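Report on the following structure.
The values are calculated or read from the model by the stated rules, or taken from the named source; none is laboratory data. Given the structure is predicted, the values throughout are model-derived calculations rather than measurements. A quick note on method: Cβ atoms are made from the backbone with ideal geometry, for glycine too, and the neighbour counts reach across all protein chains shown.
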Amino acid sequence: MKDLVLKLKENHFLNDEEFKRLIEDEREETLGFLNKTASSVSKSVYDNKIYIRGLIEFTNYCKNDCYYCGIRKSNSNAERYRLNLEQILDCCETGYNLGFRTFVLQGGEDGFFTDEKMVEIIKAIKRNYPDCALTLSIGERGYDSYKAFFDAGADRYLLRHETADCEHYSRLHPNNLSLQNRMDCLYNLKEIGFQVGCGFMVGSPYQTTDSLIKDLKFIKELNPHMVGIGPFVPHNATPFKGFEQGSLNLTLKLLSIIRLMLPNVLLPATTALGTIDATGREKGILAGANVVMPNLSPRDVRKKYLLYDNKICTGDEAAECVLSLKSRMNSIGYEVVTSRGDYKNYNKE
Ligand code: 5AD
């Protein structure tokens with residue numbers, strides 16, 4: 001299997017049959033070699049630096065009803081909240097003082113935050129923190145909305161594609177949502193000039209090796225600046241409450257494959273990975289990830305932004321624990337840095 005890993009490192013791609021063999025090989029030694037190869041590629045591009053992003057979960061209202069997600073519209077147990085501009089700026093202030101130079105505004109698809117309101121928020125953050133990058137993660141909107149956000153100063157946009165398999169997509173989402181629209185959004189964002197991130201859940205219900213291969217091919221074709229992947233974790237108030245969570249090893253394997261496909265990609269060790277395993281994020285870094293996204297949301301709302309059960313939200317993932325995060329990263333030979341952490345070779349012009 002080593003030959004396949006080296007081929008992937010060399011060519012940054014494999015054919016379907018090879019991907020299938022690699023994904024379905026469950027030997028520890030294969031995973032170990034893949035992780036080692038991927039983390040050395042990550043180090044050759046980003047050295048041993050880990051970029052941090054301050055995540056601000058500013059609304060958990062959502063008009064969508066995705067079957068996997070805890071803040072889906074139909075979950076009447078969810079306690080809904082929105083942060084106002086002042087609260088958002090307070091989060092940035094706290095984060096700035098902790099050393100964050102990227103803020104990620106993430107929320108459900110909340111009609112309350114019109115394009116105008118978003119532009120106001122973006123401009124305020126960029127006015128107060130001109131040396132910081134701003135990432136949006138607020139779902140699907142039209143080309144003109146995205147353009148207005150970009151013109152207002154937003155730098156990056158995260159929109160996981162969730163699955164690149166049409167049939168699988170329709171088993172995860174109600175039929176008013178389509179993979180085609182999702183992909184159109186991603187291509188629009190890229191064309192406008194955002195640093196763009198796509199991604200998917202590992203082990204989501206009905207996922208197959210074939211659907212994962214489609215994800216890898218889509219990622220290769222989109223060639224995004226960021227890819228966010230984490231294990232599916234069931235949420236008790238969703239239609240998928242009875243499904244098993246995604247596997248740690250498969251997540252680590254896919255992180256490594258993505259690093260080898262896109263050596264320069266910004267690849268987070270996600271909160272969901274830290275949720276299913278106490279040292280999941282360290283393992284993610286050692287599999288080729290180079291980003292972590294601690295929570296900057298006010299303490300009282302953190303427990304309300306529950307996409308899945310048991311989400312870590314008081315421990316080391318919290319921004320205040322950035323010191324502890326630094327020592328965790330040091331302990332595995334990495335260094336958390338204070339910088340915007342842009343995509344290498346990226347040029348806005
Ligand atoms: N388990 C893991 N990840 C989830 N997300 C939503 N619900 C879950 C879940 N139950 C992910 C989706 C979404 C991102 C913000 O969180 O991929 O894009």
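Could you check the range 186-212 and list, in sequence order, the residues that are assigned to a helix (DSSP H, G or I) and within 25 Å of THR251 (Cα to Cα)?
Of everything in the range 186-212, those that are assigned to a helix (DSSP H, G or I) and within 25 Å of THR251 (Cα to Cα) turn out to be LEU186, THR209, ASP210, SER211, LEU212.
What is the number of the single condition among (1) under 27 Å from ASN84 (Cα atoms); (2) among the hydrophobic types (A, V, I, L, M, F, W, C); (3) surrounded by 18 or more Cβ atoms within 10 Å (Cβ to Cβ) that VAL119 does not meet?
That leaves (3) as the condition not met.
Being more than 16 Å from the ligand (Cβ to nearest atom), farther than 18 Å from GLU18 by Cα, at pLDDT 95 or above and touching a helix residue (DSSP H, G or I) at 6+ places or on another chain (Cβ under 7 Å) narrows it down to one residue among ASN223, ASN249; which is it?
ASN249
Pull up the range 328-345, narrow it to residues that are touching a helix residue (DSSP H, G or I) at 6+ places or on another chain (Cβ under 9 Å) and basic (Lys, Arg), then point me to the one that is farthest from TYR51 (Cα to Cα).
Looking at the filtered set, the residue picked out is ARG328.
Does the range 53-66 include one or more residues that are surrounded by fewer than 18 Cβ atoms within 10 Å (Cβ to Cβ) and either modelled with pLDDT under 95 or out of contact with any Asp or Glu (no Cβ under 7 Å at 6 or more places or on another chain) (or both)? Steps first, answer last, please.
Applying the first criterion (surrounded by fewer than 18 Cβ atoms within 10 Å (Cβ to Cβ)) to the range 53-66 yields 61, 63-65.
Subsequent filtering for residues that are either modelled with pLDDT under 95 or out of contact with any Asp or Glu (no Cβ under 7 Å at 6 or more places or on another chain) (or both) retains 65.
The answer is yes; a qualifying residue exists.
Given the condition of a type in the set (Lys, Arg), part of a helix (DSSP H, G or I), under 21 Å from LEU254 (Cβ atoms) and at pLDDT 95 or above, answer yes or no: does some residue in the range 163-182 qualify?
Kept after step one, since they are of a type in the set (Lys, Arg), are these residues of the range 163-182: 171, 182.
Going one step further and asking which of them are part of a helix (DSSP H, G or I), we end up with 171, 182.
From the residues that got through so far, the ones that are under 21 Å from LEU254 (Cβ atoms) too are 171, 182.
Filter once more, so that each one left must be at pLDDT 95 or above: 171, 182.
Yes, the range 163-182 contains a residue that is of a type in the set (Lys, Arg), part of a helix (DSSP H, G or I), under 21 Å from LEU254 (Cβ atoms) and at pLDDT 95 or above.
Taking the range 317-330, which residues are surrounded by fewer than 18 Cβ atoms within 10 Å (Cβ to Cβ) and modelled with pLDDT under 85?
GLU320, CYS321
How many of the residues in the range 254-287 are more than 14 Å from the chain's Cα centre (by Cα) and small (Gly, Ala, Ser)?
Here the count works out to 4.
Checking THR163 against (1) of a type in the set (Val, Ile, Thr); (2) over 22 Å from ARG82 (Cα atoms); (3) out of contact with any Ser or Thr (no Cβ under 8 Å at 6 or more places or on another chain), only one condition comes out false. Which one?
(3)
Give me a count of the residues in the range 232-253 that are closer than 19 Å to GLY32 by Cα, surrounded by fewer than 24 Cβ atoms within 10 Å (Cβ to Cβ) and either touching a His at 6+ places or on another chain (Cβ under 8 Å) or aliphatic (A, V, I, L, M) (or both).
Selection size over the range 232-253: 2.
Here are the criteria: (1) at pLDDT 90 or above; (2) buried (at least 17 other Cβ atoms within 10 Å of the Cβ); (3) away from the ligand (no atom under 16 Å from the Cβ). Tell me which single one GLY333 does not satisfy.
(2)
Return yes when ILE71 is under 21 Å from the mean Cα position of the chain (by Cα), farther than 17 Å from ASP155 by Cα and part of a loop (DSSP other than H, G, I, E, B) and no when it is not.
Details: under 21 Å from the mean Cα position of the chain (by Cα): yes; farther than 17 Å from ASP155 by Cα: yes; part of a loop (DSSP other than H, G, I, E, B): yes.
Considered against the rule, which asks whether it is under 21 Å from the mean Cα position of the chain (by Cα), farther than 17 Å from ASP155 by Cα and part of a loop (DSSP other than H, G, I, E, B), ILE71 comes out as yes.
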